[in-house]
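The block underneath contains the structure these notes are about, expressed in structure tokens.
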């Protein structure tokens, strides 16, 4: 099909060339007939009549033909015929004068003939020069017009394919040019926009202010780059409003002032800015949450005279891990928990948890663990559920360690790992009971275990045991159990570091906080 179209276009071109050549030949033939007619007329007229000046008509007629060569050729042809007529007139006697001149100083007829022929030649070549000048000027004007039209076509093509909506508006605010992006943005077909005032693209409530602004801008006639003026609102054909950025570029033309208007739909940009703002706020909240989370942790020494070590590693999206060690007269209290959720809210609940735990245990260091847990829960429930209207909860275990190796614990969290020095085995002790902040009044049951000399007690949060490798393999309680068994002869700090390193070896970017607390019991 493509080859057939090219052949058809070629045939049309050949037919056009043949038609043009035929027209040129007809013009040349008519010019020759006209030259012959002038020549015959010049021969037959008296010498006092300058009929050869009519050759100028032939020159002007030749200007209808293409190119300057035919005009010059016509001038040469007319000059040749004029000279030929001189010789014919000089030998024929049609001139009626005597060659010897007239007596008494009168003007001879041959002199009149000579002057007439000179006038004819001058007329021919003045006409030729004038026609060449006029034709050249016209051709230059036509060439300039064609270039302008070509550049205008290029400009319209560029505007048509511009990535943004483009309008050309005159000084009265009438739209003269609309590209297809403008059609898509505003929902109007082009025919309904051309010739209409630009205010139809402005919401009704803003049209008066827009008209005043447009008049002021036209008076100033300064370009307005996009983004330098206030964000504007455009109106679509269906009445929907669209936020846009507008750039204005006034152009002086022979037809008066024109303004090129570039319009960009910024809905996606505004959404991106909103999302970026949310991300920045979240980053600040996470930074604040991490600061809160780490600032409430106890500072070494955790419990003087007790071999105890702990570490918390916040995740990228800060969770709600919490631990605390509060020294007591014959040992210490150990608390470990995990607030549901991430970010600032989890950090605030962890701060409440730390405050409530410390207040109760420091004011009543000999309180029973189940009673302490009930008081902590009542404070959290009131703060979280009633005052903040939130739904966070806390998995939490509270342990009372005494120097004789007795450990009493309450509350549901991860299983407690105990390595027995006597058997070199690692035991798992389950924790049970309700989570904190779910109900106002709850009862917990205490559980007791006994540590022997050299035994090791380890507490972890789910961030450590639920960390996974690239294949989804979880570190798990069994992984923690294995590391404790392998490294149990080290001190408490070495065991904490080994557990964290082993979990991070699976996934260096954990999704949740990691917390480990290790206590070595030594016989008194």
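Please go through region 402-432 and give me each residue that is out of contact with any helix residue (DSSP H, G or I) (no Cβ under 8 Å at 6 or more places or on another chain) and at positive phi, ordered by number. Walk me through it before giving the result.
So in region 402-432, the residues out of contact with any helix residue (DSSP H, G or I) (no Cβ under 8 Å at 6 or more places or on another chain) come out as 402-407, 412-413, 416, 418, 420-423, 427, 429-432.
Passing the criteria: only 405.
May I ask you to list the residues in region 447-481 that are in a helix (DSSP H, G or I) and touching a residue at least 24 places away in the same chain (Cβ under 8 Å)?
Once the filter is applied, which keeps residues that are in a helix (DSSP H, G or I) and touching a residue at least 24 places away in the same chain (Cβ under 8 Å), region 447-481 yields 462, 463, 464, 465, 477, 479, 480, 481.
If you go through region 504-524 one residue at a time, how many are assigned to a strand (DSSP E or B) and within 23 Å of residue 396 (Cβ to Cβ)? Walk me through it before giving the result.
From region 504-524, those assigned to a strand (DSSP E or B) are 514-520; that's our starting set.
Then drop every residue that is not within 23 Å of residue 396 (Cβ to Cβ), which leaves 514-519.
Looking only at that region, the number is 6.
For residues that are more than 19 Å from the chain's Cα centre (by Cα) and surrounded by fewer than 20 Cβ atoms within 10 Å (Cβ to Cβ), tally how many sit in region 178-187. Before you say what the answer is, go through the steps one by one.
Here is the first cut: in region 178-187, the ones more than 19 Å from the chain's Cα centre (by Cα) are 178-180, 183, 186-187.
Right, trim to surrounded by fewer than 20 Cβ atoms within 10 Å (Cβ to Cβ) and you get 180, 183, 187.
Of the residues in that region, 3 qualify.
If we keep just the residues of region 484-503 that are without any contact (Cβ under 8 Å) to a residue 60 or more places away in the chain and under 22 Å from residue 395 (Cβ atoms), which is surrounded by the fewest Cβ atoms within 10 Å (Cβ to Cβ)? Steps first, please.
Step one: of region 484-503, the residues without any contact (Cβ under 8 Å) to a residue 60 or more places away in the chain are 486-487, 489-490, 494, 498-499, 501-503.
After this cut, where a residue has to be under 22 Å from residue 395 (Cβ atoms) as well, the list is 499, 503.
Numbers: 499: 25, 503: 27.
Applying the filter and picking the extreme gives 499.
Scan region 353-367 for residues that are exposed (fewer than 13 other Cβ atoms within 10 Å of the Cβ) and in a helix (DSSP H, G or I) and jot them down. Lay out the reasoning, then the answer.
Taking region 353-367 first, the residues exposed (fewer than 13 other Cβ atoms within 10 Å of the Cβ) are 362-364, 366.
If the condition is that a residue be exposed (fewer than 13 other Cβ atoms within 10 Å of the Cβ) and in a helix (DSSP H, G or I), then 362, 363 are the ones that fit.
All of the numbers you see were taken from the coordinates with simple rules; none came from a lab. Everything quoted here is computed from the prediction, not taken from an experiment. No Cβ is skipped: glycine too gets one built from the backbone with ideal geometry, and neighbour counts run over all protein chains shown.
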